[in-house]
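Worksheet for the structure shown next.
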Amino acid sequence: MDRPEFNSIKDFAEFSKYYWYREELIRICKEHGLKTASGKIELYKIIEAYFRGEKILPEKKPVRKRKATVTELTLQTGLIECGFTFGPRFREFFEKQTGEQRFKFNVDMVATAKAVKESGDESFTLGDLLDIYYGKKTYAKYDRSALQWNQFVHDFCADPETEVFSKRLEVAARLWKIVRESDQEKVYSRALLEKYRDSIV
């Protein structure tokens, strides 16, 4: 079944059968005067509300007074207050807190920092972000559904049956387009390859 145009879809259950890129979800929200969020999970929630007859409108961000630069970082320092970034200053801070050399921010920390800044949550601290790192708290989860394409290509290329294609990525992309625009599961399988072989070569 081919993916229909958004405006012809009757409800969220039908909408959810199909794969939508983040950029498509943002475009749909903009076209319908809805709030545009940064993550796919939030965008899906906004569109789900739209199908229920609720319009989540774009937020008007208040003008904030410029705060003094925080010179000393502590676990009680607010994420917004200190102008948090993923740069060296904050990496060094978390290296000291964890005792890890070459500290790496995990994906849930990235999603959380983005959500905190978008919501303007001034109560969220660097200590809270450390708890996210250790898995002690949850604030915003990384949208792992965005990795479906990567997994699909990985599985496609891992299948010895696909070695016959000289341009494997192009063939994988054609097969993915068929799957993405259908209501079937968004995973690669040998059966899927056999079913659509004539359409993708």
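For this structure, a couple of remarks:
- Criterion: outside the structural domain of Arg180 (by TED's automatic domain parsing), over 24 Å from the mean Cα position of the chain (by Cα) and either without any contact (Cβ under 8 Å) to a residue 24 or more places away in the chain or surrounded by 11 or more Cβ atoms within 10 Å (Cβ to Cβ) (or both) - qualifying residue of Lys30, Lys96: Lys96
- Criterion (on the phi > 0 side of the Ramachandran plot and under 26 Å from the mean Cα position of the chain (by Cα)) met by exactly one of Gly83, Gly39: Gly83
- Candidates in the range 99-119 are the residues that are charged (D, E, K, R) and under 29 Å from Ile41 (Cα atoms); of these, the one that is surrounded by the most Cβ atoms within 10 Å (Cβ to Cβ) is Asp108.
- Some residue of the range 60-70 being at pLDDT below 90, within 21 Å of Thr36 (Cα to Cα) and surrounded by 10 or more Cβ atoms within 10 Å (Cβ to Cβ): no
- Count of the range 12-52 residues which are in a helix (DSSP H, G or I) and over 21 Å from Gln148 (Cβ atoms): 5
The values are calculated or read from the model by the stated rules, or taken from the named source; none is laboratory data. A quick note: this is a predicted structure, and the numbers were derived from the prediction, not measured. Virtual Cβ from ideal backbone geometry, glycine too; neighbours counted across all protein chains shown.
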